[in-house]
Amino acid sequence: MARFEDSLLRQLDRDREVQVRARRRDGSTTDVPIWIVTVEDKPYVRSYLAERGAWYRRARSEGRLTLVAGGRAVPAAVEPVEGGDLNQRVSDAFIAKYGTGGPARTMVSPEVAATTLRLVPA
């Protein structure tokens with residue numbers, strides 16, 4: 001499996017938020033802040049709004065997204081992660097990085113955990 005360069009992975013580990021570039025209905029784009037974690041040198045994202053998140057729905061339907069980190073746009077393919085041990089490790093990574101406060105609890109709720117996407121270089 002292809003992987004992102006080490007410098008990007010280190011940045012994703014450090015940054016509290018990155019952006020996902022989303023297209024609006026009128027064709028323009030906007031950058032939406034999201035949280036990101038890495039597990040075994042692979043980045044993972046979730047939709048805080050679960051299935052209602054517009055960027056998430058678009059990424060699932062297109063199979064890709066553009067991540068904006070450190071001022072650079074990084075195209076990525078998305079792979080859904082469903083259940084199991086890996087999804088639990090992603091939840092553990094969210095808690096380790098963001099703590100146990102309200103937003104972090106939302107990110108590990110079953111509804112939101114069901115939206116886990118692994119990012120791979122596109």
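Every number in this text was worked out from the coordinates using simple rules, so none of it is lab data. All figures in this text were calculated on a predicted structure; none of them were measured in a lab. As a convention, Cβ positions derive from the backbone with ideal geometry for all residues, glycine included, and neighbour counts pool all protein chains shown.
Data table
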{"read-out": "Computed magnitude of the charge dipole of the chain (debye, nearest 20; Cβ of K, R +1, Cβ of D, E -1)", "value": "420 debye"}
{"read-out": "Stretch gain in nm, segment residue 21-residue 7, where the contour uses 0.36 nm per residue and the Cα spacing is subtracted", "value": "3.0 nm"}
{"read-out": "FRET E, pair residue 30, residue 92, Förster distance 41 Å, beta-carbon r, rounded to 0.05", "value": "0.85"}
{"read-out": "Contour minus Cα-Cα distance for residue 79 and residue 52 (0.36 nm per residue)", "value": "7.9 nm"}
{"read-out": "Tensor-based shape of the chain (alpha-carbon gyration tensor, a/c under 1.5 rounded, otherwise prolate or oblate)", "value": "rounded"}
{"read-out": "Most mobile of 28, 91, 61 in a GNM of the chain (Cα contacts under 10 Å)", "value": "28"}
{"read-out": "Mean separation of Cα contacts under 8 Å, 6 or more apart, over the residue count of region 21-95: relative contact order %", "value": "27 percent"}
